[in-house]
1. Considering only the stretch 11-26, state which residues are assigned to a loop (DSSP other than H, G, I, E, B) and open to solvent by 60 Å² or more (accessible area, probe 1.4 Å).
2. Exactly one of (1) more than 20 Å from residue 30 (Cβ to Cβ); (2) part of a helix (DSSP H, G or I); (3) in contact with a Pro (Cβ under 7 Å, 6 or more places away or on another chain) is unmet by residue 63. Its number?
3. Would you mention how many residues in the stretch 34-57 are of a type in the set (D, E, K, R) and closer than 15 Å to residue 89 by Cβ?
4. Whether any residue in the stretch 37-45 is in contact (Cβ under 8 Å) with a residue 12 or more places away in the chain and assigned to a helix (DSSP H, G or I) is what I want to check.
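The values are calculated or read from the model by the stated rules, or taken from the named source; none is laboratory data. In this text, all values refer to a predicted model and were calculated from it rather than measured experimentally. As a convention, Cβ positions derive from the backbone with ideal geometry for all residues, glycine included, and neighbour counts pool all protein chains shown. Side chains are part of the model used for accessible areas, which takes the heavy atoms of the whole protein and leaves out ligands, DNA and RNA. Shrake-Rupley method; radii C 1.70, N 1.55, O 1.52, S 1.80 Å.
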Amino acid sequence: MRERVEAVVFREPEGRRSGLINLGFGVLWFVLFLFVVFGGGTASDGVVQAVLGTAFVLNGLAELFPPDRTRLAGGLRVVTALLAGLVLAFVSVNVAERLL
């Protein structure tokens, strides 16, 4: 099991193309965050967008590392997964509040 996790999480970075695509998505999420905040919402209304933007930027940075930096890239991938889990929990709580 440990070997499989290491093979997936601590793999060699995918390279410039994948990294730039992820960075682009991160920037788009931050633009959406600014749209929400300046469109009449508050900063707390855009929490999901800000966290997703951060996750995409970190994942993009992980893919831009040189091939010999697998541990550092893996660490950023783990942080990205944790941020995605935070978004899932936040959205789940908000949906549950609206249903009750």
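1. 11, 12, 14 - these are the residues of the stretch 11-26 that are assigned to a loop (DSSP other than H, G, I, E, B) and open to solvent by 60 Å² or more (accessible area, probe 1.4 Å).
2. Status for residue 63: all satisfied but (1).
3. 0
4. At the first step, the residues of the stretch 37-45 found to be in contact (Cβ under 8 Å) with a residue 12 or more places away in the chain are none.
Within the stretch 37-45, none of the residues are in contact (Cβ under 8 Å) with a residue 12 or more places away in the chain and assigned to a helix (DSSP H, G or I).
Conditions tested, residue by residue: (1) out of contact with any Pro (no Cβ under 9 Å at 6 or more places or on another chain); (2) in contact (Cβ under 8 Å) with a residue 40 or more places away in the chain; (3) in a helix (DSSP H, G or I); (4) open to solvent by less than 40 Å² (accessible area, probe 1.4 Å).
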position	(1), (2), (3), (4)
47	yes, yes, yes, no
53	yes, no, yes, yes
56	yes, no, yes, no
71	yes, yes, yes, no
80	yes, no, yes, yes
93	yes, no, yes, no
98	yes, no, yes, no
